[in-house]
Amino acid sequence: LKFVVWANIKIDKYAIFVYAVPLLVLIPSAAFTFLKFGFLSGITLGFGSILMGLAVDYSVYVYYSFKSSNKDIKKSEILKKVSKPIILSGLTSIMSFLVLYFCDIILFKQLAYFAVFGLIYAVLIAIFLAPIFYKVQNKQTVTIKLPESINCKFSIILIILIICLGLISLKFIKTDFSLESL
């Protein structure tokens, strides 16, 4: 049964590059971080999964811009339209992680270096390399219809419930803030 399910999945040949982006970002980021610091901490390596998610987002945005655009539009016009949001999104993430570099703890400096280098690389890949592999497909993306109005009372009750459960769970969370335990 699982084979039948997998056999019915259609893979878009133009989307294959998206799957390669995390490796294209992580390998050089880890290599340059290792060259700069002489080691890679477990925290930095663990952060790689988060960096993979951030890095692939930019190429996904470009991919869907190409996929949903009219065939009469040039690639350069699509890229011009999507570049500014990608660059600004990348800059906000880069600036957030760059702050860690000014910390006195070497592990945070390493994490900042790894993240900033990876995010810069991811933005550059999305803007300069990804468009080479993508094609304007003129396919509309799936739109999700949200309810026009959300019940205010239900929303308030849900928010209060989430906050209460979060506060109750604090009782069961044990933390050790010593650097040795990291």
inquiry  = For the condition open to solvent by 60 Å² or more (accessible area, probe 1.4 Å) and polar (S, T, N, Q), what is the one hit in Ser76, Ser68, Ser59, Ser41?
reply    = Ser76
ask   = Out of curiosity, is Leu119 over 23 Å from Ile50 (Cβ atoms), touching a residue at least 40 places away in the same chain (Cβ under 8 Å) and outside any loop (DSSP other than H, G, I, E, B)?
value = no
inquiry  = Can you find a residue that is among the aromatic types (Phe, Trp, Tyr), under 20 Å from Tyr63 (Cβ atoms) and at pLDDT 60 or above anywhere in region 146-156?
reply    = no
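The values are calculated or read from the model by the stated rules, or taken from the named source; none is laboratory data. Here the structure is a predicted model, which is why all the values come from computation and not from measurement. Positions of Cβ are generated from backbone atoms using ideal geometry, with glycine treated the same way; all protein chains shown enter the neighbour counts. These area figures cover heavy atoms from the full protein model, side chains too; ligands, DNA and RNA do not enter into them. Shrake-Rupley method; radii C 1.70, N 1.55, O 1.52, S 1.80 Å.
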